[in-house]
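Here's the structure we're looking at; comments come further down.
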Amino acid sequence: FDLGMLDLHNTVSARLPQVVKLLEQVKSWPDEKRSRFVEYITQQVRIIEKKRLPVFRLMTPEQIGELARSDIFTVGGHTDRHPILSHLTRERQEAEIRGCYERLSAWDVEFAPVFAYPNGRPEDFNDDSIAILKELPIPAAVTTVDRHHRTGDDPYRIPRVAIGADCTMPEFKARLSGFFYFLRRLAGTPEGHE
């Protein structure tokens, strides 16, 4: 898969930049190559499971339903297999978007009428993606553009406040209050960037 060498024997904090780089690389691959890679990783996980080693497990439909019924969380759409939508034809995009909502409905999971674009950068979705959401009808979609939402923003291009695992409590408070973004504007940093 042309990934180069990864040193996975360091501490978790030392591995994090490598994992982030790997994820960015894999996300940009064409859907077919990404799917082959996911299948390869799935096979490796099965080998680990046979050895009874601890492994990351996806939520079951029952767990997703339980989460959706809680008073704390809301479940929304995010495609069926997590491809980058702008890499797909309109027909494939529609199958992915409709597929996730059909799957949630089949699992009897109540979902919010909001969609989150996989990867979420402006180049990761297109006018076809938005048209499909409007047809469903899903009235809003969120991106990963890092800024506060403003009155007048396109409801199909809603930005979000980015909170990562390395975010300190003071930064968390500054981001939620908007002070972080105010300082960023003062520094002349373009919106949607660090």
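The values are calculated or read from the model by the stated rules, or taken from the named source; none is laboratory data. The structure displayed is predicted, hence computed values, not measured ones. Please note: Cβ atoms are built from the backbone with ideal geometry, for glycine as well, and neighbour counts cover all protein chains shown. Areas reflect the complete protein model, heavy atoms only, side chains present, ligands, DNA and RNA absent. Shrake-Rupley method; radii C 1.70, N 1.55, O 1.52, S 1.80 Å.
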Practice prompt. Only one of these is part of a loop (DSSP other than H, G, I, E, B) and either open to solvent by less than 20 Å² (accessible area, probe 1.4 Å) or touching a helix residue (DSSP H, G or I) at 6+ places or on another chain (Cβ under 9 Å) (or both): Ile138, Ile97. Name it.
Written response: Ile138
Item to complete: Answer with yes or no whether Phe115 is in contact with a Leu (Cβ under 7 Å, 6 or more places away or on another chain), free of Cβ contacts under 8 Å to residues at least 60 places away in the same chain and open to solvent by 60 Å² or more (accessible area, probe 1.4 Å).
Response: no
Response to the item:
Expected single match for touching a helix residue (DSSP H, G or I) at 6+ places or on another chain (Cβ under 8 Å) and closer than 30 Å to Glu171 by Cα among Asp146, Asp124, Asp128, Asp108 is Asp124
Item to complete: Find the residue count for the stretch 155-165, including only residues that are modelled with pLDDT under 95, surrounded by 12 or more Cβ atoms within 10 Å (Cβ to Cβ) and either among the polar types (S, T, N, Q) or in a loop (DSSP other than H, G, I, E, B) (or both).
Response: 3
Worksheet item: Are there any pairs with C-beta distances below 8 angstrom linking a residue in the stretch 80-93 that is part of a loop (DSSP other than H, G, I, E, B) to a residue that is surrounded by 16 or more Cβ atoms within 10 Å (Cβ to Cβ) and of a type in the set (S, T, N, Q), with the two at least 6 apart or on different chains, and if so which?
Response: Ile84/Asn119
Worksheet item: In the stretch 147-188, which residues are of a type in the set (Val, Ile, Thr) and out of contact with any Leu (no Cβ under 9 Å at 6 or more places or on another chain)?
Response: Thr151, Ile158, Thr168
Response to the item:
Output for Cβ contacts, cut-off 7 Å, separation at least six or different chains, first residue in contact (Cβ under 8 Å) with a residue 12 or more places away in the chain in the stretch 148-163, second among the aliphatic types (A, V, I, L, M) and in a loop (DSSP other than H, G, I, E, B), reads His148/Val161
Item to complete: Among the numbered conditions (1) of a type in the set (Gly, Ala, Ser); (2) open to solvent by 70 Å² or more (accessible area, probe 1.4 Å); (3) not in a loop (DSSP other than H, G, I, E, B), tell me where Gly152 comes up short.
Response: (3)
Fill in: Pairs with Cβ under 8 Å, 6+ apart, first in the stretch 172-188 and over 16 Å from His149 (Cβ atoms), second β-branched (Val, Ile, Thr) and surrounded by 12 or more Cβ atoms within 10 Å (Cβ to Cβ)
Phe172/Ile163
